[in-house]
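This report refers to the structure that appears directly beneath it.
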Amino acid sequence: MAGLYTGEQRGSGISEERLVHNYLVEAGLAARIPKGIRIWEETLRDGEQTPGVAYTPEEKVRIARVLDEVHVPMMDVGIPVVSSEEARGVRMIANAGLDATIMAAARTVRKDVEACIACDVDEIALFTAGSDLHIKHKLAMTREQVKEAAVRETEYAVAHGVDVSFVTEDTFRADLDFVVDLYDACTAAGAHRAVVCDTVGVMTPPGITWFFEQLKRRLKPTELSFHGHNDFGLAVANSLAAVEAGVAVPHTCVNGLGERSGNASFEELVLSLEALYGYDTGIDISRIYELSQLVETLSGIPVGMHQPLVGHNAFAHESGIHAHGVIKHTATYEPMQPEKLGRQRTFVFGKHTGSLAVAEKVRGRGVEATPEQVAALVKLIKDFAEARSKGDQQAFVVSFRDRAERRRGVTDDEFWTLAEKAGLRRPKTAAK
Ligand code: MN
């Protein structure tokens, strides 16, 4: 990967790679990132746990194929014990002849592990609670019971010829001595990777650095992996801190899908590594926008308007100053070229429009215009945009809010209709 830009633009005489005084590169900070980072993709597992998302097995296969084609090296594709349809999807992907390592997730419960083995996956992401909060309030177990089940199921999976990544949930709110002991016990039982989870997204980059330094010093040798959530918008920053700290396998979801506010976004992490650190992830970044749109469509979760890189506004310009700059040289107001991830920049005409964007649009369509005509048109566009009612846009927001609420999972009415089928009484206040 050649950095942010390639070659010269419009004979500017400036090598674009030299344009960005990227301190990560200049100060040698990028060199901290170890070779051999491999993305662990979670779009089909944690991504499907986004409230309101359910893929069909065929949809899962479609997404898995594109992930494989862009060279994602490993993906967790579901939890087979959830349902027979879920197991069917996992098995279809495992037998689709993909290059990627196909994983499925299991609690440290025998039927979960057996369901994964029955799906022909290469590897099991075997997870249990790390923190006492989860051990006590979720599992109602003791630390000793947690460890015993983890070791038992690791041994069972390995004995059946399946690799094990051992995952502790809520690792950063756990007792460090306990999780070190738990990881070591599972490593000894045959697990080849330790997955550390910021399950509720409460870490910060310096905290990540500190934690992994502790862990590396204390754990028996094993490959480290990080699963970050985005509750405070820090998932990608935390994942970058993790890889800088020597974590080889960061988790991602396309479009940042996942529980609550989601996981570290695939496109943000991959393109940060590629464009900001000059790191070659091995991912074909030219299809990232296509992948984002496929997942947006099949998940039914719209990408945010100004979501980084894949959002509608990520490469859109309206203001005259910005549009002028970008027309003269795209690097003035774009951090990277949209074509690199397979999309195009757009110019929006409105209140902030300037004459150059208008002149370019007119000329681009083969229409002659004098400077006076362009100036007149700019004024007409500004006046028009300022005078236009915002009713449409506001109605869109209101309808979106309403539909977003209604389309998640079953509706309240559907819930009580199903409850009645199960023999329950519909409460008087429930929607009909
Ligand atoms: Mn998660």
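The values are calculated or read from the model by the stated rules, or taken from the named source; none is laboratory data. For clarity, every value in this text was computed on a predicted model and none was experimentally measured. Glycine gets a Cβ as well: all are built from the backbone with ideal geometry, and neighbour counts include every protein chain shown.
Details
- Considering (1) farther than 23 Å from H134 by Cα; (2) in contact with a Gly (Cβ under 6 Å, 6 or more places away or on another chain); (3) crowded, with 16+ Cβ neighbours inside 10 Å, the lone condition that S286 does not fulfil carries the number (3).
- Restricting attention to the stretch 103-114, the residues that are under 22 Å from R65 (Cβ atoms) and surrounded by fewer than 24 Cβ atoms within 10 Å (Cβ to Cβ) total 0.
Each row is one residue, and each column tells you yes or no for (1) in the same structural domain as I288 (by TED's automatic domain parsing); (2) within 16 Å of the ligand (Cβ to nearest atom); (3) touching a His at 6+ places or on another chain (Cβ under 7 Å); (4) among the β-branched types (V, I, T).
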position	(1), (2), (3), (4)
G78	yes, yes, no, no
V81	yes, no, no, yes
A87	yes, no, no, no
A105	yes, yes, no, no
E114	yes, no, no, no
A159	yes, no, no, no
D175	yes, no, no, no
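- When we screen E144, E148 for residues that are assigned by TED's automatic domain parsing to the domain that holds L44, loosely packed, with under 14 Cβ neighbours inside 10 Å and of a type outside the set (S, T, N, Q), the only hit is E144.
- Scanning the stretch 187-212 for residues that are assigned to a helix (DSSP H, G or I) and either surrounded by fewer than 22 Cβ atoms within 10 Å (Cβ to Cβ) or in contact (Cβ under 8 Å) with a residue 40 or more places away in the chain (or both) returns T187, A188, P205, P206, G207, T209, W210, F211, F212.
- Inclusion of F232 among residues that are within 16 Å of the ligand (Cβ to nearest atom) and surrounded by fewer than 17 Cβ atoms within 10 Å (Cβ to Cβ) is warranted.
- Condition broken by G278, with the remaining ones in (1) within 30 Å of V61 (Cβ to Cβ); (2) modelled with pLDDT under 95 satisfied: (1)
- Search result, residues across the stretch 251-307 that are over 11 Å from the mean Cα position of the chain (by Cα), away from the ligand (no atom under 16 Å from the Cβ) and within 17 Å of F232 (Cβ to Cβ): G304, Q307
- Contact annotation: residue pairs with Cβ atoms under 9 Å, 6 or more positions apart or on different chains, pairing a residue in the stretch 36-63 that is within 16 Å of the ligand (Cβ to nearest atom) with a partner that is in a loop (DSSP other than H, G, I, E, B) and among the polar types (S, T, N, Q), are I39/T281.
- Unmet requirement for V249, which otherwise passes all of (1) under 15 Å from V72 (Cα atoms); (2) touching a Phe, Trp or Tyr at 6+ places or on another chain (Cβ under 9 Å); (3) surrounded by 24 or more Cβ atoms within 10 Å (Cβ to Cβ): (3)
- Test: residue in the stretch 74-93 that is acidic (D, E), touching a residue at least 40 places away in the same chain (Cβ under 8 Å) and part of a loop (DSSP other than H, G, I, E, B): no
- Residue within the stretch 94-104 that is free of Cβ contacts under 8 Å to residues at least 12 places away in the same chain and over 28 Å from the mean Cα position of the chain (by Cα) present: no
- Residue in the stretch 115-126 that is of a type in the set (V, I, T) and surrounded by fewer than 15 Cβ atoms within 10 Å (Cβ to Cβ) present: no
- Note on the stretch 297-332: among residues that are hydroxyl-bearing (S, T, Y) and touching a residue at least 24 places away in the same chain (Cβ under 8 Å), the one that is surrounded by the fewest Cβ atoms within 10 Å (Cβ to Cβ) is S319.
- Test: residue in the stretch 156-170 that is at pLDDT 95 or above, in a helix (DSSP H, G or I), within 23 Å of H134 (Cα to Cα) and not basic (K, R): no
- Pair list, Cβ under 7 Å, 6 or more apart: the stretch 277-296 residue outside any helix (DSSP H, G or I), other residue of a type in the set (D, E): T281/E274
- Highlighted here are the helices (runs of 4 or more DSSP H) found entirely within the stretch 335-432 that include at least 2 residues which are surrounded by 16 or more Cβ atoms within 10 Å (Cβ to Cβ) and touching a Leu at 6+ places or on another chain (Cβ under 9 Å): 355-364.
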